[in-house]
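These notes concern the structure reproduced below.
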Amino acid sequence: MENNHTIDIRNNVDVIMMRTEVRNSARQIGMGMMDQASISLAASGLAHDLGLGCIQEGLVSIERLEQENRIGLQVICMNKPSNEQSNLTTKALQDAKWMVDEVKVETLPAQVVKITLVKWMS
């Protein structure tokens, strides 16, 4: 598996392709079916709740992680929210939190929101 790749999200088809890429990446690092489903569903749900591909464009980065004898997958979603989207970001985080091991939210310059999801192999 490539260590890191980025997908431009411009429409709903891109979100579907991203979900498939996340699941394939999880399978390639050896995750079981439940972990594959969890991280891919969390990532696609997050993209959907943030309006990526519908309301606005965004980027999704998929990366293999190795840390202290653990192997996992990191998915980063970035968008530039409008004022109406603050409620969507909150909903997106609530929906994704229970499916992954770690969630991190950062606001970057120019109000770009970066949400990082991490799922470790169980």
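I'd like the full set of residues that are more than 19 Å from ASP95 (Cβ to Cβ) and not in a loop (DSSP other than H, G, I, E, B), limited to the stretch 9-20. Walk me through it before giving the result.
Just the residues of the stretch 9-20 that are more than 19 Å from ASP95 (Cβ to Cβ), to begin with: 10-11, 13-14, 17, 20.
Correct list: VAL13, ASP14, MET17, THR20.
Among the residues making up the stretch 21-61, those that are without any contact (Cβ under 8 Å) to a residue 60 or more places away in the chain and in a loop (DSSP other than H, G, I, E, B) are GLY51, GLY53, CYS54, ILE55, GLU57.
The residue list THR107, THR90 contains one member that is at pLDDT below 95, outside any helix (DSSP H, G or I) and polar (S, T, N, Q), which is THR107.
Conditions tested, residue by residue: (1) in contact with a Gly (Cβ under 9 Å, 6 or more places away or on another chain); (2) closer than 15 Å to ALA96 by Cβ; (3) among the basic types (Lys, Arg); (4) at pLDDT 95 or above.
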site	(1), (2), (3), (4)
MET1	no, no, no, no
MET17	no, no, no, yes
VAL22	no, yes, no, yes
GLN28	no, no, no, yes
MET33	no, no, no, yes
GLY45	no, yes, no, no
ARG64	yes, no, yes, yes
GLU68	no, no, no, no
LEU73	no, yes, no, yes
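The values are calculated or read from the model by the stated rules, or taken from the named source; none is laboratory data. Because the structure is a prediction, the values reported are computed rather than measured. Cβ atoms come from the backbone with ideal geometry, glycine included; neighbour counts cover every protein chain shown.
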